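The values are calculated or read from the model by the stated rules, or taken from the named source; none is laboratory data. This one's a predicted model, so the numbers in the text were calculated from it and none came from an experiment. Note that each Cβ is placed from the backbone with ideal geometry, even for glycine, and that neighbours are counted across all protein chains shown. Keep in mind that these areas ignore ligands, DNA and RNA; they rest on the heavy atoms of the full protein, side chains included. Shrake-Rupley method; radii C 1.70, N 1.55, O 1.52, S 1.80 Å.
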Amino acid sequence: MRLGERIKSVLKLVLTELSPHVHSINSMTQFLSYHRSNSQRIFNAQKSTDGHQVLCALPGVKAFEEFIDKSKPYISTVTYEKLSKAHLLYAQAIACHATSHADLKRQLDAMHTKHAPSKSDNRAQVYYAAKSLLGFSVEHVCCSYILSVNQTNPNFLQEVAMISKLGISRTQEAAPFVQFYSHPHPSDFNKPALITHASRIIPNEFSMGIVERYSSSGLYDAYSSYSVSNSGMVFDDIPNNDTTDATFIFNNPDELVNPLTHSSQCTSTSISIKNPAKKLTLLVFVDKKINATSNVKVGCYHGNQKVDEGKLNAADMWTERLPDFPQLQVVSLESPQNYITEHPELAEKIGFLLNYSELDDTHFACYAMEVEFPIWSSTYRIYFEHSE
């Protein structure tokens, strides 16, 4: 996987430097005097969604070497060296593990199928080990994001998020429960708001609050402080229940630029697994106009990686990707009602969030990610790469 993503990253550099002479399969075939089927393989590899697909899409070792030789006069020395190194590793992988490129593809497909079930077992082991070590665990982390155009400032997106953590369990010796967020902390913040069914969004104000209906009694009063170093709300004196539920809503009106009016590579939604969790559900409702001009992708990354908003790109992030490839569900391109029907336990919360945001679900496409035993201390993303 890692080798494939490395090769894809280098191919992106090469194709960027070959443009404007090369922008399609036909133009590559003519400009480089390169075989058409191999030109198609190069383009397919660069467009592949993961490293496994890249290795399967590439031309053979000699044909790939020919592409490098023909590209050399038109690319920088640094890019040529990166491409040559990638080719060497590609050739070594085939020499060490297969009799040919076709044999490598067969083995990759078989290995991909064979080892898929064990990933969950490995993640479960991490969960139980971390739970024992930290004395802290969460049964279900459920997040719903809504991305719509800010009606009062169309240069930005209105991001409204509901973060629900169900079945929080912590020992007396465990660290306090902290709810993190990325937006700069408001200077006038005293404590989170208490959000009820009658509460409504204030469009141009960043806000954060506890949803009373979906949080355990006493959580609001358990708020103790804001942690500057962690950028989070600290809840220390939580009532001594077996488990605690905590649900928050964040309104972020000015951090995500509108890709319909600005040059932005990516709009990213994510959740970091700060505490061991048994299950993760991540839902994203995205405005249909944005969805129509974007490619939606998912990934699991190191929790400490820093990505400037709008600049995340899968080809650049291959070094930070963890070996967990969550599945993306296209809930509906018309409305999320199908998913809600199949998951009645989420229906009420989704309805609450849409009602609070004063939005109609028919304006959105909906995507979902479900992960059993998400990797502790990682970040899961559903993100949208925008067409130029």
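In the context of the full protein assembly, HIS363 retains an accessible surface of approximately 100 Å², using a probe radius of 1.4 Å and ignoring ligands and nucleic acids.
Going by accessible area, probe 1.4 Å, with all protein chains left in place, what is the ranking of GLU372, GLU385, largest first?
These residues rank, largest area first, as GLU372, GLU385.
Our coupling estimate for the range 200-211, obtained by passing each phi through the Karplus curve with A = 6.51, B = -1.76, C = 1.60 and θ = phi - 60°, is 9, 5, 9, x, 9, 10, 5, 8, 8, x, 9, 7 Hz, Gly and Pro reported as x. Modelled label positions at LEU89 and ASP103, each set 7 Å beyond Cα in the direction of Cβ, lie 2.3 nm from each other. The amide H of LEU157, built 1.01 Å from its N in the peptide plane, has ASN150, LEU256, VAL257, ASN258 as neighbours under 5 Å, considering only residues 5 or more places off or on other chains. Rolling a 1.4 Å probe over the protein heavy atoms gives the chain an accessible area of 48 Å² per residue.
Of LYS47/LYS288; LYS105/LYS279; LYS279/LYS349; LYS47/LYS70; LYS105/LYS131; LYS85/LYS274, which ones are farther than 27 Å apart at the Cα?
Beyond 27 Å between Cα atoms: LYS105/LYS279; LYS105/LYS131; LYS85/LYS274.
Taken as Cα centroids, the range 12-46 and the range 200-259 sit 50 Å apart, rounded to the nearest whole angstrom. Amide H contacts for PHE373 (H built 1.01 Å from N in the peptide plane; partners 5 or more residues away or on another chain; cut-off under 5 Å): LYS279, LEU280. Dipole orientation for the chain: of the candidates THR293, PRO344, PRO203, THR293 has the Cα lying most toward the positive pole (charges on Cβ; Lys, Arg +1; Asp, Glu -1). Per-residue 3J(HN,Hα) values for the range 276-289, derived from phi via the Karplus relation 6.51 cos²θ - 1.76 cosθ + 1.60 with θ = phi - 60°, read x, 9, 7, 8, 10, 10, 10, 10, 10, 9, 10, 3, 4, 5 Hz in sequence order (x marks Gly and Pro).
Note on the chain: dipole from Cβ charges, positive end direction compared against THR247, ALA63, SER216; the farthest Cα belongs to ALA63.
Remark: the range 121-266 carries a charge dipole of roughly 200 debye about the Cα centre, counting +1 on each Lys and Arg Cβ and -1 on each Asp and Glu Cβ.
Note that the range 169-185 has calculated 3J(HN,Hα) couplings of 10, 9, 7, 5, 7, 6, 5, x, 6, 10, 9, 8, 7, 9, 5, x, 6 Hz, one per residue in order, obtained from phi through the Karplus relation 6.51 cos²θ - 1.76 cosθ + 1.60 (θ = phi - 60°); glycine and proline are x.
In summary, the helical segments of the chain meeting the span-like criteria, namely a full DSSP H run, a Cα extent along the axis of 27 angstrom or more and a mean Kyte-Doolittle hydropathy of at least -0.5, are 77-97. When the Cα positions of ALA368, SER387, PRO186 are compared along the charge dipole of the chain, SER387 comes out farthest toward the positive end, with charges on each C-beta of Lys, Arg, Asp and Glu. The candidates ASP254, ASP188, ASP103, arranged from most to least accessible area with a 1.4 Å probe in the full protein assembly, appear as ASP188, ASP254, ASP103.
R0 = 45 Å: FRET efficiency of ALA174 with TYR74, Cβ-based, nearest 0.05?
Once the sixth-power term is evaluated, E becomes 0.15.
The slack between HIS21 and ASP121, meaning 0.36 nm per residue of separation minus the straight C-alpha distance, is 31.1 nm.
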